[in-house]
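This report concerns only the one structure given below.
The values are calculated or read from the model by the stated rules, or taken from the named source; none is laboratory data. In this text, all values refer to a predicted model and were calculated from it rather than measured experimentally. Heads up, the Cβs are rebuilt from the backbone with ideal geometry, glycines too, and the neighbour counts pull from every protein chain shown. Side chains included, ligands, DNA and RNA excluded: accessible areas come from the protein's heavy atoms. Shrake-Rupley method; radii C 1.70, N 1.55, O 1.52, S 1.80 Å.
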Amino acid sequence: MYSPQVLDHFEHPRNAGIVDSPDASAQVENPACGDILKLTAKLTAGRLTEVKFLAKGCVPAIACGSALTQLIIGKRLKEAAAVSREDLLRELGVLPEASNHAGHLAMDALATLLRQFTG
């Protein structure tokens, strides 16, 4: 049902929690299923040096939050903005069709987070 990568990120989430004194914070919700993803981040010298997530929802929503943090930590804002849903799905392997919303939720959270820095 779920790829080994999805299960690994769900069972061993990376960067879970909230960044202390974050420079930006974003929370998005999928009104159809109720999944919630919150991202907090610290920016140092133009790079995302710390990013953490909190998720309430299905297995893929948690896995997407975890994988997304790994994809963007260390990147400049422009590089993080260039991360695509396809990049996220490559990181996670295949998501079941019914779970595609989790990837969209993660990308919406990223866009909302980055807007906190760019205005």
| request: Check off (1) surrounded by fewer than 17 Cβ atoms within 10 Å (Cβ to Cβ); (2) not in a loop (DSSP other than H, G, I, E, B) for Pro31 and give me the number that stays unchecked. | output: (2)
| Odd one out for Ala45, checked against (1) open to solvent by less than 10 Å² (accessible area, probe 1.4 Å); (2) out of contact with any His (no Cβ under 8 Å at 6 or more places or on another chain) | (1)
| So which of Ala61, Ala82, Ala98, Ala45 is on the phi > 0 side of the Ramachandran plot and without any contact (Cβ under 8 Å) to a residue 60 or more places away in the chain? | Ala45
| task | Give segment 62-98 a look and list any residue that's open to solvent by less than 10 Å² (accessible area, probe 1.4 Å), over 17 Å from Lys52 (Cβ atoms) and of a type in the set (Ser, Thr, Tyr), or say none. | result | none
| query | Can you name every residue in segment 99-111 that is open to solvent by less than 30 Å² (accessible area, probe 1.4 Å) and within 12 Å of the chain's Cα centre (by Cα)? | reply | Ala102, Gly103, Leu105, Ala106, Ala109, Leu110
| query | Failed condition for Asp8, given (1) surrounded by 14 or more Cβ atoms within 10 Å (Cβ to Cβ); (2) farther than 24 Å from Arg115 by Cβ; (3) at pLDDT below 95, with all others met? | reply | (3)
